[in-house]
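Participant: Handing you a structure now.
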Amino acid sequence: MLPGFCLLALLVCLQSAPPSVRQDARGAAQLELSELLTRDARVSFTSDAATRARVVLEAAPDEVEVRAVAAMALGCAGTSADLPRLESMLADGKKPEQRAALLAMGELGAAGLKAIDRARMRSTDGLEQAFALALFVAERRGATDANDLLQTVAEGDDDLAHAARLAVDWWKRGEPGALQAMLELYYNLRWRAAKSYGLVDGARWQKTVAARLFADDAFLDPAILSAAAELSEPELKAHLTEMLLGGERPAALRVAALLMPDELALAFQSGGWKPTLAGWLAVLTTIEAERSERKARKLLELAFKADPAFEPLAGLLIFRAGGDLPWIWIGDQLEKGDTATRIALVEACGDRGEKGRIPDLADLLERRKDLGLFGPGLVALARLGHAPAKDALDELVKASTSQERNEALVALSHALHDPALRRPAERALELEDLSADVKLQLELGLALSGARVERAKLRSLLPLAPRGPKRLGLVRALGEKPESADLDALAALFPDEDDLELDVELARVLLRARHPAMAGLLTAALWDDDWNRSVLAGGLIVRSGGTQALRDELDAAPRGTREADLRRVGFALGEWGGLAEVEELARTRTEADPVLQGALFGALSSRANPPEMKKRVRLPPGLLGGAGEAGANAGGKPGGKPGGKGPRPPGAGKPGGKKGHKGGG
């Protein structure tokens, strides 16, 4: 904690202090007050912030936290015209927005002081500290009478007077004491308001963070490649093959594990693919998460034998897929495995649907209660049709709260990909004594399974969720059959300065939904010099806005664009638009134009062009005759990022002979 005089000096100079070095990646609630002050020196607001905040408030968002942050932006922007809106929010809003409205009035200085005083005449129940802090803020923003009003209020004997005395003590000594939590709320509201509506380090926060993110391969690879999984399969397979021939790329491996697991298996057997341990892990965890084990049986059997380290996970997936693993192996894993492995294996018994396993599983659960598998075991047995387990689960859903009920309901939430379990979960959500955590897990499980849930509640939890599995779970749940309000809430969360995994998940959901917030990401990836990723980004642009959108990108090419870049983006236009696009370009461009050259090579490489189109298309004289020269000019990977080899034009010296390799035969 800073000494009192230093703290007071920092408060007086809040807006003029120089920007500091960025804080470590920690949540706002974990920052010390001195760190909050240092961070606050980075924020500023213009009148545009109020304009943007008004638009949000006029749309009447359901989420109270969204309304609170927008209210704070109105005050920080310093326009007294918004006082009536803030007073209305203070009179009729919920507690979080009432506190934000009071603090926003304080931000307005002298203009807001009268409104704060009027608020004192009404009920301040639950708002006492916010009222006192608002007066303190008003004084710092130029309301010279605020100190006198605070001293007057402090002379009383009610809760408001007590809060005022706390503020007076802080004013004199610089130690916040019991006001610490309210101060954290105030500075966190200002930070979130600046990120959403104002400026951080003199620029729009999203733009600054997004620019850094869009230049980071660690983000671009998983974001673009996961979204590209919905593109045309032949073209996508060819790009993935090119990428993996250039070296191990985890994001490409993850998509390949879902799209072409048999090809990976053949490549491994032939020695063409030699995965590291990290590579195997990327493949197996993806198959597990996407529940694609039935399609990947050959690959899983190879992983099972490849390294003892992967035997438990590969074996689990083989078992879940219906593979032939003896119960003695399952029992051994249940004995020596960790808690997560045990639960997954028991859940797999339910997924497998083999009624012949009922006696073994029931016996194990009865004998080894110490393994802590009551909930997962009960749900698995119920899924297998075990009558006593089904009855017990039904009774627990109706029973009063207990440890056994909680365990069963949490296990139920993990198995809601089984439609037969959704009705019991919906009945459980009607329980009045259900804990908030168990209720959330059931709601997330239902949302992830595609069932209807109250999505407004999930959206309201999103801004407040701590970093980690809970926040990722909310994003994934809202991204499953999303409503427009879900997508807007997710877009408002993007990007996060300190959570790469969250940014990737948000981008995946928003790209899949073709949300306009991702246009900048696709443009950045398109003009990045990684050949394959650029062409795949072009495919996503065409999927979202048609070939005209990709032609628009070419017309607005960034400054300093090279011929190689134009040829590569032309290749994307030809690959995803076909020979018809080449014919269209040929009407206005000469055969020496790199865009037209690239488009021709892209169209000729594409498996999407029907033979009749190839016969029908008419090209200008000389273009095909010059293909050899153009191919030489286009050869290699423009820009040459490590590991970024891509589908190159015919005649460019590309290794041939691989099935699915563009231009390789």
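Read the figures in this text as sums done on the coordinates, not as results from a lab. Computed from a predicted model, the values in this text were never measured in an experiment. Note: ideal-geometry Cβ built from the backbone for every residue, glycine included; neighbour counts use all protein chains shown.
Participant: Work out the charge dipole of the chain with +1 on the Cβ of Lys and Arg and -1 on the Cβ of Asp and Glu about the Cα centre, then indicate which of A517, S292, L259 is farthest towards its positive end.
Facilitator: Farthest towards the positive end: L259.
Participant: If a/c stays under 1.5 just call it rounded; otherwise compare a/b with b/c (prolate if a/b is bigger, oblate if not). Do that for the range 158-272, with a ≥ b ≥ c from the square roots of the Cα gyration tensor eigenvalues.
Facilitator: prolate
Participant: Still on this structure, please answer the following. Lys and Arg at +1, Asp and Glu at -1: add these up for the other residues within a Cβ distance under 12 Å of I328 and post the number.
Facilitator: Net local charge, I328 excluded: -3.
Participant: Could you work out [θ]222 nm for the chain from helices alone, using -39500 (n - 2.57) per DSSP H run of at least four and dividing by all its residues? Round to the nearest 500 deg cm²/dmol.
Facilitator: So the calculated ellipticity at 222 nm is -19500 deg cm²/dmol.
Participant: To continue, here is another question. Taking other Cβ within 10 Å of each residue's Cβ, how do H162, H386 sort, fewest first?
Facilitator: The fewest-first ordering by Cβ neighbours comes to H162, H386.
Participant: Per 10 Å bin from zero, what fraction in whole % of the C-alpha pairs of the range 55-119 is there, up to the bin with the longest pair?
Facilitator: 25, 60, 14, 0
Participant: Taking only Cα atoms, what is the 0 to 90° angle, nearest 10, from helix 311-320's long axis to the longest principal axis of the chain?
Facilitator: Tilt relative to the chain: about 80 degrees.
Participant: Taking neighbour Cβ counts within 10 Å as the exposure measure, how do D117, D216 sort from fewest upward?
Facilitator: Sorted ascending by nearby Cβ count, the order is D216, D117.
Participant: What angle do you read, to the nearest 10 degrees and between 0 and 90, between the alpha-carbon axis of helix 83-92 and the longest principal axis of the chain?
Facilitator: 90
Participant: For the chain, what class follows from the C-alpha gyration tensor (a ≥ b ≥ c being the square roots of its eigenvalues): rounded when a/c is under 1.5, otherwise prolate if a/b is larger than b/c, else oblate?
Facilitator: Oblate, because a/c is 1.5 or more while a/b does not exceed b/c.
Participant: Farthest toward the dipole's positive end in the chain, which of G479, Q597, A110, given Cβ charges of +1 (Lys, Arg) and -1 (Asp, Glu) about the Cα centre?
Facilitator: Q597
Participant: Going by alpha carbons, how many degrees (0 to 90, nearest 10) lie between the helix axis of 500-512 and the longest principal axis of the chain?
Facilitator: That works out to roughly 70 degrees.
Participant: Can I ask one more? Determine the distance separating the Cα centre of the range 529-590 from the Cα centre of the range 77-99; give it in Å without decimals.
Facilitator: When both Cα centres are located, 49 Å separates them.
Participant: Going by how many other Cβ atoms sit within 10 Å of their own, how do T38, T286, T590 line up, fewest first?
Facilitator: Fewest to most other Cβ atoms nearby, the residues stand as T590, T38, T286.
Participant: What does the charge add up to near D148, with Lys and Arg as +1, Asp and Glu as -1, over the other residues with Cβ less than 13 Å from its Cβ?
Facilitator: Here the charged neighbours net out to -4.
Participant: If you put +1 on each Lys and Arg Cβ and -1 on each Asp and Glu Cβ, how big is the dipole of the chain around its Cα centre, in Debye rounded to 20?
Facilitator: 2060
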